[in-house]
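The values are calculated or read from the model by the stated rules, or taken from the named source; none is laboratory data. Every value quoted in this text rests on a predicted model; they were computed, and no experiment measured them. Note that we place each Cβ from the backbone using ideal geometry, even for glycine, and neighbour counts take in every protein chain shown. Note: areas computed on protein heavy atoms with side chains; ligands, DNA, RNA excluded. Shrake-Rupley method; radii C 1.70, N 1.55, O 1.52, S 1.80 Å.
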Amino acid sequence: MSRPAVRLGIGGPVGSGKTALVDTLCKRMRDRYQLAVVTNDIFTREDMEFLVRSEALPAERIVGVQTGGCPHTAIREDASMNLEALDRLAERFPDLANELVRLNVDLILTRGTPATNAVKSASETIPVVMAAMRPLAVVASLAQPRGNITGVTTFSTELTGKRIELLKELVPNLRCVALLHNMGNPAAPPEWEEVKTAARSLGVQSELLDVRSEGELDGAFDRAAQQRVDALVIGADGLTQMHQQTIVDLLARMRLPAVYPDRDFVEAGGLIAYGVNYPDMYFRFAGFVDKIFKGAKPAELPVEQPTKFELVVNLKSAKALGLSIPQSILLRADEVIR
């Protein structure tokens with residue numbers, strides 16, 4: 001199952017040793033976990049520079065934020081500057097891919113089409129096992145991927161029509177559905193086409209809410225209200241996953257139902273999710289790694305499609321939205337959160 005990153009905020013009085021603590025934590029944990037650090041200073045980037053000099057992490061994994069005021073505010077009251085810094089880190093896929101190639105690793109694992117494309121551009125020889133929504137944007141064909149990349153498809157785009165059908169069951173008077181997605185992701189435009197096709201077949205209007213950063217979420221939901229959107233489809237993207245709690249909370253305040261791409265959103269309070277069973281997918285993901293380490297070539301291993309899917313429903317969220325979940329959905333659900 002995919003899981004969002006854990007964010008740890010460290011606060012304390014000036015001179016209490018916060019940066020030294022971060023330095024120690026990074027050096028203790030960097031061999032076991034993928035880490036990045038966002039430091040807060042009032043007018044300088046002194047803490048960031050200290051961590052770079054001490055080689056706590058590679059320099060490209062450390063970002064310094066100048067808060068212009070009390071740095072603790074950026075942790076306790078308004079984390080927007082830190083979240084924007086994390087978004088900038090996500091834009092560094094090409095640099096990180098080049099770094100992995102420089103280190104001459106034996107194999108690279110990627111999650112998502114943007115990360116996979118970055119690695120593809122960086123190396124044509126290091127084996128790559130991907131989990132991507134649009135594998136054909138990366139490999140020649142599913143049956144014969146050629147090159148150095150193989151893996152599994154997360155099959156999110158192909159499930160879009162089914163997700164809209166679920167919304168129609170939940171909201172029989174559905175008139176307008178919107179897709180919330182990061183259109184900068186190569187997998188997003190095909191998903192938008194699927195939304196328009198599925199909505200049109202059901203006699204429903206469709207709208208696009210394009211978000212490229214956390215700061216654009218409020219504006220997107222304002223547009224949803226202006227366009228009288230009745231329900232949303234949430235796209236699968238690093239941005240939506242990173243800010244899943246914000247998205248779930250905003251929809252709850254607006255009393256808008258939404259269907260999500262995976263169960264993590266529903267566990268965070270979302271209404272319903274239909275998508276790939278990630279534990280099963282990652283088990284197969286590991287199988288590719290095992291075969292390659294035993295001598296198989298990625299070009300000889302067909303890209304696999306998922307075979308297990310899951311429908312998860314949150315009855316608490318349905319009650320808060322004033323919705324009654326049809327028995328037809330409850331009978332099909334793999335899990336019902338009560």
Residues located in the range 290-317, provided they are closer than 18 Å to residue 262 by Cβ and open to solvent by less than 30 Å² (accessible area, probe 1.4 Å): 306, 310, 311, 312, 313, 314, 317
Which of the residues spanning the range 318-338 are closer than 17 Å to residue 168 by Cα, assigned to a helix (DSSP H, G or I) and not aliphatic (A, V, I, L, M)? 327, 328, 332
Test set (1) assigned to a helix (DSSP H, G or I); (2) more than 24 Å from residue 236 (Cβ to Cβ); (3) modelled with pLDDT under 75 - residue 98 fails condition number: (3)
For the range 126-175, give me the residue count where each residue is touching a Leu at 6+ places or on another chain (Cβ under 6 Å) and of a type in the set (S, T, N, Q). 1
For the range 229-261, how many residues are charged (D, E, K, R), on the phi < 0 side of the Ramachandran plot and surrounded by fewer than 24 Cβ atoms within 10 Å (Cβ to Cβ)? 3
Single unsatisfied condition, residue 264 versus (1) over 30 Å from residue 232 (Cα atoms); (2) open to solvent by less than 30 Å² (accessible area, probe 1.4 Å); (3) in contact (Cβ under 8 Å) with a residue 40 or more places away in the chain: (1)
I'd like to check something: does the range 246-260 contain any residue that is in contact (Cβ under 8 Å) with a residue 40 or more places away in the chain and of a type in the set (S, T, N, Q)? no
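I need the full set of residues from the range 314-338 which are under 21 Å from residue 158 (Cβ atoms) and of a type outside the set (Asp, Glu), in order please.
Residues of the range 314-338 under 21 Å from residue 158 (Cβ atoms): 329, 332-334.
The answer is 329, 332, 333.
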The range 101-132, subset in a loop (DSSP other than H, G, I, E, B) and open to solvent by 20 Å² or more (accessible area, probe 1.4 Å), residue modelled with the lowest pLDDT: 103
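Sort through 172, 145, 186 and tell me the only one that's in a loop (DSSP other than H, G, I, E, B), open to solvent by less than 20 Å² (accessible area, probe 1.4 Å), out of contact with any Cys (no Cβ under 8 Å at 6 or more places or on another chain) and not aliphatic (A, V, I, L, M).
Details: 172 fails: open to solvent by less than 20 Å² (accessible area, probe 1.4 Å); 186 fails: open to solvent by less than 20 Å² (accessible area, probe 1.4 Å).
None of the other options fit; the residue is 145.
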Note: among 320, 258, 273, just one is more than 24 Å from the chain's Cα centre (by Cα) and at pLDDT 95 or above, namely 320
Just give me the residues in the range 189-239 being out of contact with any strand residue (DSSP E or B) (no Cβ under 7 Å at 6 or more places or on another chain), of a type outside the set (S, T, N, Q), over 24 Å from residue 318 (Cα atoms) and assigned to a helix (DSSP H, G or I), in sequence order. 189, 190, 193, 194, 200, 214, 215, 216, 219, 238, 239
Is at least one residue of the range 195-204 of a type outside the set (S, T, N, Q), open to solvent by 20 Å² or more (accessible area, probe 1.4 Å) and either at pLDDT below 95 or over 23 Å from residue 165 (Cα atoms) (or both)? no
